[in-house]
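Everything below concerns the one structure shown next.
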Amino acid sequence: MTVHGPGTSGLILDEPLLWEKGKSGRTAFSMPDQDVPEVADRLDDKLLGAGPDFPDLSEMDLVRHYTRLSSWNFGIDTGMYPLGSCTMKYNPKINEKMVTTAGIATAHPLLADELSQGVLQVLHELQYFLGAVTGMDSVSLQPAAGAQGELAGMLIFAAYFREKGEKRTKILIPDTAHGTNPASAALSGFTPVALQSGPDGTLDVESVAVLMDAETVGIMLTNPNTLGLFEESILEITAIVHQKGGLVYGDGANMNAVMGMVDYKRCGVDVMHLNLHKTFSSPHGGGGPGAGPICVVSELEKFLPQPHIVKKDGYYQLEHDCPDSIGRLHAFYGNFAVLVRAYCYILSMGAENLKKATQLAVLNANYVRESLRQALHLAYETPCMHECVFSDKLQQKHGVSTLDMAKRLIDHGYHPPTIYFPLVVSGAIMIEPTETESKEDLDRFIAVFKGIIREAREDGERLRQAPTRTRLRRLDETLAARKPCLTG
Ligand SMILES: *Cc1c(COP(=O)(O)O)cnc(C)c1O
């Protein structure tokens with residue numbers, strides 16, 4: 001039986017460029033007749049010359065154009081978006097509603113602290129919640145994304161060693177790390193040293209011991225790592241780094257796998273970031289605003305970005321005079337609306353449900369892993385955390401690649417999973433279903449994926465043509481990246 005995904009080929013409306021639609025003389029608005037004499041020497045003619053070549057359009061032309069364009073978008077509100085490493089989970093609408101309440105939406109960032117007690121309280125409490133979820137001592141909400149949190153962390157590493165008068169230049173970064181890790185380290189003046197992961201996909205204690213020396217500031221590690229595997233040797237690894245005078249940075253982008261389950265401070269992490277737009281329910285994608293708070297142990301608190309949000313004598317205030325701070329990272333205080341969404345999400349879930357969400361995220365990923373393991377080659381045998389990694393090894397003999405299967409998923413109405421990442425798995429397919437998909441939705445996705453794998457055996461040629469039900473077929477992605485044509 002062929003299982004159909006939620007995709008359909010009906011009512012996918014084509015849409016020409018506005019320039020192709022325009023007809024001279026059409027207009028989308030009607031102005032009252034002029035009741036003053038026309039001036040011959042018009043200022044706008046002088047300023048604009050002949051003016052830009054805007055097409056003349058009717059109101060309906062405009063409305064249909066933009067409404068159709070808006071329906072071409074795909075998001076988590078449209079369908080399943082199992083993008084490994086990115087935690088595309090459903091964002092409850094109550095968070096959106098809260099952000100638009102008057103006191104929040106109209107709070108002016110230039111108002112004095114005494115007139116901003118409510119919003120400062122929200123931020124202060126969110127810092128506390130994030131400290132509780134991670135086990136870390138102090139938090140700054142300022143960084144605008146995970147990458148900026150990493151940069152803040154690396155600047156804190158630099159400030160710490162500068163204060164100690166130690167000149168260390170290198171940093172250990174596993175080969176499975178997200179690309180932003182070495183970039184943030186390099187931006188802060190450190191030379192990344194690649195740490196090879198072991199055959200089971202996790203870090204090998206011995207290789208950390210060999211590479212960690214007095215010229216190395218420490219390690220940046222991701223736990224669970226980008227293969228969706230928990231670094232079981234975390235305690236030994238962080239102990240080695242500390243023994244040799246180094247610091248440990250934890251990339252917390254995969255927090256959805258361990259909310260309230262892992263105490264990072266006890267694991268030996270000194271600085272870590274969270275991605276509120278991944279784990280704590282803020283819509284993301286397309287480069288929109290995010291938040292990448294950093295959490296530190298108390299010894300490093302004084303280096304946090306300023307201003308610090310503090311509570312003194314029951315009164316919330318922004319403390320600007322922090323002599324050891326790495327400085328300001330964002331105008332005002334970070335992306336406030338994203339922070340409010342995370343605050344609402346945490347309050348509406350509560351500690352127990354955050355834990356339950358994490359457990360379901362892990363259960364769902366392992367369900368997908370077990371369901372597809374016969375059909376797709378599984379990269380690692382260890383049970384996964386919140387995401388599972390397959391490869392196209394079994395399909396290669398039919399001339400079918402990861403890209404072909406990912407493109408075919410689009411025909412069935414699914415956003416493809418992350419592909420060809422992490423780099424250590426050739427032809428990687430990384431699926432992160434998240435906790436918000438129901439069993440029925442997972443079963444349908446699994447059945448569709450199995451159908452695609454059957455198709456790979458029986459009709460590889462057809463698969464290589466995918467997507468076939470979309471408005472546009474397979475694009476030349478290299479050309480699009482190298483020579484972007486933004487005017488249509
Ligand atoms: C997403 C991600 C980052 C970067 O976070 P941004 O918020 O996109 O800047 C860093 N590390 C890992 C493992 C990630 O998945």
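The values are calculated or read from the model by the stated rules, or taken from the named source; none is laboratory data. Quick caveat: nothing in here was measured; it's all calculated off a predicted structure. Every residue, glycine as well, gets a Cβ built from its backbone with ideal geometry; the counts of neighbours run over all protein chains shown. Heavy atoms of the whole protein, side chains included, go into the accessibility calculation; ligands, DNA and RNA do not. Shrake-Rupley method; radii C 1.70, N 1.55, O 1.52, S 1.80 Å.
Pairs are defined by a Cβ separation below 9 Å, a sequence spacing of at least 6 or placement on different chains, a first member in the stretch 110-133 that is over 15 Å from L318 (Cβ atoms), and a second member that is polar (S, T, N, Q); the pairs so defined are G131/S138; V133/T279. Residues in the stretch 14-44 that are in a helix (DSSP H, G or I) and within 28 Å of N73 (Cα to Cα): L18, W19, E20, K21. Can you spot a residue in the stretch 322-330 that is under 23 Å from H108 (Cβ atoms), in contact (Cβ under 8 Å) with a residue 12 or more places away in the chain and buried (at least 20 other Cβ atoms within 10 Å of the Cβ)? Yes: one or more hits.
Quick check: is even one residue across the stretch 113-124 β-branched (V, I, T) and under 30 Å from G5 (Cα atoms)? Before you say what the answer is, go through the steps one by one.
Initially, the stretch 113-124 is screened for residues β-branched (V, I, T), giving 119, 122.
Still in the list and also under 30 Å from G5 (Cα atoms): none.
Taking every residue of the stretch 113-124 in turn, none turns out to be β-branched (V, I, T) and under 30 Å from G5 (Cα atoms).
Under the condition of being surrounded by 24 or more Cβ atoms within 10 Å (Cβ to Cβ), part of a helix (DSSP H, G or I) and within 16 Å of the ligand (Cβ to nearest atom), the residues counted in the stretch 120-153 number 7.
Within the stretch 364-400, the set of residues being exposed (fewer than 15 other Cβ atoms within 10 Å of the Cβ) and in a helix (DSSP H, G or I) comprises E370, K397. Scanning the stretch 404-423 for any residue that is open to solvent by 20 Å² or more (accessible area, probe 1.4 Å) and among the aromatic types (F, W, Y) turns up at least one such residue.
Pairing residues of the stretch 3-20 that are within 30 Å of F54 (Cα to Cα) and open to solvent by less than 50 Å² (accessible area, probe 1.4 Å) with residues that are modelled with pLDDT of 70 or more and in a loop (DSSP other than H, G, I, E, B), at Cβ distances under 6 Å and at least 6 apart in sequence or on separate chains, gives L18/P55. Listed by position, the helices (runs of 4 or more DSSP H) enclosed by the stretch 185-297 that each have at least 3 residues that are within 16 Å of the ligand (Cβ to nearest atom) are 276-279. Flag: E163 matches the condition of being under 20 Å from L300 (Cβ atoms) and away from the ligand (no atom under 11 Å from the Cβ). Note on the stretch 166-184: residues that are among the hydroxyl-bearing types (S, T, Y), part of a loop (DSSP other than H, G, I, E, B) and within 12 Å of the ligand (Cβ to nearest atom) amount to 1.
The residues listed here are N366, N353; of these, the one that is more than 18 Å from the chain's Cα centre (by Cα), modelled with pLDDT of 95 or more and not assigned by TED's automatic domain parsing to the domain that holds I419 is N353.
Among the residues of the stretch 474-481, is any open to solvent by 20 Å² or more (accessible area, probe 1.4 Å), within 22 Å of the chain's Cα centre (by Cα), more than 30 Å from L195 (Cβ to Cβ) and touching a residue at least 60 places away in the same chain (Cβ under 8 Å)? First the steps, then the outcome.
Initial filter on the stretch 474-481 (open to solvent by 20 Å² or more (accessible area, probe 1.4 Å)): 474-481.
Right, trim to within 22 Å of the chain's Cα centre (by Cα) and you get 477, 481.
Remaining after also requiring more than 30 Å from L195 (Cβ to Cβ): 477.
Among the residues that remain, those that are also touching a residue at least 60 places away in the same chain (Cβ under 8 Å) are: none.
Scanning the stretch 474-481 turns up no residue that is open to solvent by 20 Å² or more (accessible area, probe 1.4 Å), within 22 Å of the chain's Cα centre (by Cα), more than 30 Å from L195 (Cβ to Cβ) and touching a residue at least 60 places away in the same chain (Cβ under 8 Å).
To keep it simple, each residue is scored yes or no on (1) within 24 Å of V362 (Cβ to Cβ); (2) among the charged types (D, E, K, R).
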| residue | (1), (2) |
| --- | --- |
| S426 | no, no |
| E432 | yes, yes |
| E435 | yes, yes |
| K439 | yes, yes |
| R444 | yes, yes |
| G451 | no, no |
| E458 | no, yes |
| Q465 | no, no |
| T468 | no, no |
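Given the criteria in contact (Cβ under 8 Å) with a residue 24 or more places away in the chain, part of a helix (DSSP H, G or I), among the acidic types (D, E) and surrounded by 15 or more Cβ atoms within 10 Å (Cβ to Cβ), does E163 qualify? So E163 fails the test.
Among the criteria (1) assigned by TED's automatic domain parsing to the domain that holds D459; (2) crowded, with 21+ Cβ neighbours inside 10 Å; (3) not basic (K, R), the one A342 does not fulfil is (1).
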